[in-house]
Amino acid sequence: MSHKEFRLYDTLSKRVKPLETQEPGHLRFYSCGPTVYSYTHIGNFRSFLTSDLVVRTAMALGWRVTWVCNITDVGHLTQDSFADAAGEDKMARALHSKEGERFHNVWELAEYYTEAYKQDWRQLNLVEPTIRPKATQHVREQILAAEDLIAKGFAYETPTGVYYSVEAFPDYGKLSGNTQENLRKGVRDVVQDDNKRESADFAVWKKDDKHLMQWFSPYGWGFPGWHIECSVMARAYLGDTLDLHSGGEDNIFPHHECEIAQSEALTGKPFSNHWLHTRFLQVNGEKMAKSAGNFYTVRGLMEKGFDPLAIRLALMGGVYGKPLNFTDQGLIDAMGNLERLRRAWTLAEAAAANASGEDTLGQTMSVLYSEALDAMCDNLNTSVALAKALEGAKLIAREGESMSAETARSAAEFLSQINELLGIIRSESGVAPTVAAPSGPSDAEIDALVEARNAAKKSKNFAAADQLRNELDALGIELRDSPAGTTWVRKISL
Ligand code: AMP
Ligand code: ZN
C-alpha cells in the first residue's frame, strides 16, 4: 500500500483534510445516484465521474473500496430539491409526457431509464460500483426507520404523512448552514405546509393512496420521502458511519442535511466522516438541468460523433470544486488530447518489437506517473494529472518509431497506469462505443492532405501549406501542430 496521503476538501469541516478510512486500507463510500425518470445528463455524470476518480485514486494507493451508488426509482416531488415534498411527482409527470407514452407504467419507465443510465455509465468508462441498490428494494427498511424516528422523538405523524422534526435535532444545518433559525429568516426557500409543525420539517413518509408507486405501511398506503432512502441504504451496506459520502453541490441542501439529521438521530453516531460535492456543469453559465432543458446526454453526443472518452476528458478539463462550462471547444480540445494519448500508446506497442537498447524513458515516466498520482491525491487535481499524462505522451511521440524495446515497454507501462488512474485512453468496461460515423472526408483522405501540408512545410513552400490548411479548415478539420508532429480533429458542434 502506498503511503501517499489522499487529501480532499470536506464540505462539513470546510477544509481540505486527509481522507481517512475506519478500517485500514478499506474505503466505505456512498454516492447519491440519479433519479431515473429521464436520461441521465452529462452534468449528473460530472458528479459520478468525481466519485469514479476518488475510487480510482484510492485503488491506485492500494486500498480496497466498497462503493455504493444508489438508484432513486421512486417518484419524488418536483420541489424536493429546494423545499421538501411538494409539487408534482417527477415519475408520474414523465409517464404522462410525450416520451412516457411507450411505457405501460412507472415501474417500466424507471427500469428503462435505469438501463440507459448504466449503458452511458459504461461508455464513460466509469468504474462499476460494488452495488447499486434501488430505493424500491428498500422500502421496508425505510418504513422501519420512520417508526424508529417516531419512537425516538425525532418524527411525528400527521394526516398527510410522517415528518422529521428539525427542532429535535440541534445539529440541523451543520452541513449547509441552513439552520432552522436561518430558514425561518428566509435564507432558503422551504415549503409552508399546514401539516408540518415547522416549515423546515421534512417528509419521511407521504400518505397517498393515489400515488402511482405505493406501499402499505403503519400509516396506510403511501411512499417514502426522498432523503430516507439514502440514510437506510448507506447504513445497510456500509454501516452506521461512512468514510465518505458524495453528490453534486445541489445535494448539500436539503438532501444531505436531511440524511445527516435522520441517520444521526437513528444511530447516535456521526453519519459520514467526509463529505464531497461536485460543482455544477454549466451551459452558458447556467446549471445543466433536466428541468431547464439545457442538457446533453452521452448517447446524444455519441450520435453526433463524439467519442465517449473525449466526453470524459472534457468533463475532467476542470477541477471538480469549480463550476465547469461545457463548450464545443472543450470537446474538440478533448478529442485532440485523446488522439495524442492513443497515438502514443499505439506507437509504444508497435515499438515493443524493436531491438533492445537503453531505456531512455523509464525514469522520467515513473516520475511523471508519481506526479499524476500526487495531483489526484491533492484534492483530485485533474488539470495537473492530465497535464502529466499529456507530457508523457509528448515525450513518447518524440522518441518515435525507432525507440528501443525497453523504452517502449516503459512508455506502454506509463500509459497503462495513467489509464487505470484516469480512465481516459482506452475503455476498460468492455463495451465498444457506438459513435456515429463522421460525415465528410474519410480519415485516409484527411491524412493524405495533412501529409501533403507537412511536405509543403518541409520544402518551405508556405503558400501551399497555408492553402492546404485552409482546404482542411473548409472540410471541418482542425490541425494541431506540436513539436511531436501534427494531429487533426474533426470539428463537430454540440
Ligand atoms: P438527480 O438525478 O437530479 O438526483 O441528480 C443526480 C446527481 O447529479 C446528483 O448528485 C446531483 O447533485 C448531480 N447533478 C445534477 N445536475 C448537475 C450538474 N449540472 N452538474 C453536476 N452535477 C449535477
Ligand atoms: Zn442520496
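The values are calculated or read from the model by the stated rules, or taken from the named source; none is laboratory data. This is a predicted model, so every value here is computed, not measured. Every residue, glycine among them, receives a Cβ derived from its backbone with ideal geometry; neighbour counts consider all protein chains shown. Calculation scope for accessible area: heavy atoms of the full protein, side chains included, ligands and nucleic acids excluded. Shrake-Rupley method; radii C 1.70, N 1.55, O 1.52, S 1.80 Å.
A few comments on the model shown:
- Total formal charge among the other residues, if their Cβ is under 12 angstrom from that of Val384, Lys/Arg +1 and Asp/Glu -1: -3
- Summed over the residues of segment 152-305 and divided among them, the accessible surface reaches 39 Å² per residue at a probe radius of 1.4 Å.
- For Arg188, Arg453, Arg140, Arg490, the ranking by accessible surface with the largest value first comes to Arg140, Arg188, Arg490, Arg453, using a 1.4 Å probe.
- Two-site FRET efficiency, Glu303 against Gln214, from Cβ-Cβ distance with R₀ of 45 Å, rounded to 0.05: 0.75
- Simple rule: put +1 on each Lys or Arg Cβ and -1 on each Asp or Glu Cβ in the chain, find the dipole, and look at Ala464, Pro438, Asn178; the Cα lying farthest toward the positive end is Ala464.
- Extension gain, Asp148 back to Ser383 (0.36 nm per residue minus Cα-Cα distance, nm): 80.0 nm
- Simple point charges give the picture: +1 on the Cβ of Lys and Arg, -1 on the Cβ of Asp and Glu, and for the chain a dipole about the Cα centre of about 580 debye.
- A cut-off under 12 angstrom between Cβ atoms defines the neighbours of Leu395, and their net charge, with Lys, Arg +1 and Asp, Glu -1, is +2.
- With Cα atoms defining each centre, segment 16-32 and segment 288-321 are spaced 28 Å apart in the structure.
- Rounded to the nearest 20 debye, the dipole magnitude of segment 161-235 is 100 debye, with +1 charges on Lys and Arg beta carbons, -1 on Asp and Glu beta carbons, and the Cα centre as origin.
- Once the chain from Ser493 to Asp240 is taken as fully extended at 0.36 nm per residue, the excess over their C-alpha distance is 86.4 nm.
- Between segment 440-492 and segment 135-153, the alpha-carbon center distance in angstrom: 64 Å
- Per residue, the accessible area of segment 443-490 comes to 58 Å² when a 1.4 Å probe rolls over the protein heavy atoms.
- Alpha carbon centroid spacing (whole Å) that separates segment 164-219 from segment 360-432: 49 Å
- For the pair Val187 and Lys14, label points projected 7 Å from Cα toward Cβ lie 1.0 nm apart.
- Order by protection proxy (mean Cβ within 10 Å, highest first), peptides 454-467, 307-320, 58-71: 307-320, 58-71, 454-467
- Loop-located trypsin sites (Lys or Arg not before Pro) in segment 87-126, at most 16 other Cβ atoms within 10 Å (DSSP): Lys98
- Shape box of segment 211-314 [Cα atoms, principal axes, largest first, Å]: 51, 37, 25
- In nm, spacing of pseudo-spin labels at Glu349 and Val367 (7 Å Cα→C-beta vector): 2.9 nm
- Cα-projected label distance for Ser402 with His104, points at 7 Å along beta-carbon direction, nm: 6.9 nm
- R0 of 22 Å, Cβ-Cβ distance His96-Glu157: FRET efficiency to nearest 0.05: 0.15
- Projected-area average for the chain over all orientations - Cα convex hull basis, square nanometres: 25.6 nm²
- Taking the DSSP bridge list for the chain and keeping only pairs wholly inside it, about 60 percent are antiparallel.
- Among the GluC sites (Glu not before Pro) found in segment 382-413, those both in a DSSP coil and sparsely packed, with 16 or fewer other Cβ atoms within 10 Å of their Cβ, are Glu401.
- C-alpha long axis of helix 42-60 to longest principal axis of the chain, angle in °: 80 degrees
- Accessible surface of the chain, 1.4 Å probe, proportion on carbon and sulfur as whole %: 49 percent
- Applying 1/(1 + (r/R0)^6) with R0 = 35 Å to the Cβ-Cβ distance of Asp443 and Gln329 gives a FRET efficiency near 0.95.
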